[in-house]
1. Who wins for biggest fluctuation among 175, 183, 43 in a Gaussian network model of the chain, springs between alpha carbons below 10 Å?
2. Working out 0.36 nm times the residue gap between residue 9 and residue 157, then minus their Cα-Cα distance, what length gain in nm do you get to one decimal?
3. Mean shadow of the chain, computed from the convex hull of its alpha carbons, in nm²?
4. How much length is gained if the chain between residue 45 and residue 88 is pulled fully straight, taking 0.36 nm per residue apart and subtracting their Cα-Cα distance, in nm to one decimal?
5. Give me the percent of accessible area attributable to carbon and sulfur for region 57-178, probe 1.4 angstrom.
6. Whose amide H sits under 5 Å from the amide H of residue 61, counting only residues 5 or more places off or on another chain, with H placed in the peptide plane?
7. Give me the distance in nm between label points sitting 7 Å out from Cα along the Cα-to-Cβ direction at residue 37 and residue 210, one decimal.
8. Quick check: the distance between the Cα centres of region 134-187 and region 95-120, to the nearest angstrom?
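The values are calculated or read from the model by the stated rules, or taken from the named source; none is laboratory data. Keep in mind that what you see is a predicted model, and the values were worked out from it rather than measured. Here Cβ is always computed from backbone atoms with ideal geometry, including for glycine, and neighbour counts include all displayed protein chains. Just so you know, the surface numbers come from the protein's heavy atoms only, side chains and all, with ligands and any DNA or RNA stripped out. Shrake-Rupley method; radii C 1.70, N 1.55, O 1.52, S 1.80 Å.
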Amino acid sequence: PARLGANARHAPTLERAAERTGIPATALAAIVNAEAAKNSTGQWNVYSRNSRSSAAGLGQFLSRTWEGMAETRGTWLNQTAQARGWLDRSGQVRASARAELLQLRYNATASIETTADYARVNLKTLQRSGVATGETPSAVARTAYLAHHLGAGDAIKYLKTGLTDERAGLLLRAQIGGGRAQQAIARTGDASAAHRAWLDNYVGSRVRPERFA
């Protein structure tokens with residue numbers, strides 16, 4: 001079982017999600033720990049919000065990504081949405097149910113289970129594209145986090161060939177703000193290198209499953 005300290009109350013949910021999806025509980029804990037805001041004791045804030053985007057909850061899911069997971073057959077969120085009548089006959093989120101579905105991002109169980117499903121879906125997508133996703137909880141967590149953070153499409157480009165300067169600059173500004181991004185780009189000479197330096201450092205320092213083992 002993962003050792004969670006101030007977040008011990010989430011241990012049963014992490015273990016259930018890990019058993020269901022095959023993503024190690026320590027890897028899931030590391031992803032959530034890198035995404036969620038924390039209080040002074042290190043407790044994850046289930047009401048985490050990103051002021052620069054629509055990202056919310058322990059998994060910091062964007063609105064459209066969360067809806068996409070509700071529409072992805074076999075996921076925890078899809079089964080929940082079906083049971084609550086939030087999907088239409090074609091499996092799409094009903095407009096009338098959208099607000100209620102998005103509010104569920106602030107439910108710790110929903111956020112952790114969906115983080116696990118998103119990791120599983122993304123890792124399969126990366127593997128199909130020829131990207132090695134790793135064997136150890138550390139490698140799995142870092143690869144899954146890159147896909148969680150960037151989206152599978154950008155993660156594949158990032159790991160295979162690198163992002164274009166234009167895309168990297170856009171992402172870097174969204175993450176650290178325009179002023180800091182410009183300084184970083186000036187130091188490295190191009191946006192792609194500046195973004196990679198920031199993201200590699202962030203993942204290396206923040207996504208650490210060994211802390212929860």
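1. Result: 183 has the largest fluctuation of those listed.
2. Taking 0.36 nm per residue and subtracting the Cα distance, the gain is 49.6 nm.
3. 12.2
4. Contour length minus the Cα-Cα distance gives 12.3 nm.
5. Exposed carbon and sulfur together represent 48 percent of the surface.
6. Amide H to amide H, under 5 Å and 5 or more residues apart or across chains, residue 61 pairs with 56.
7. Modelled inter-label distance: 3.1 nm.
8. 23
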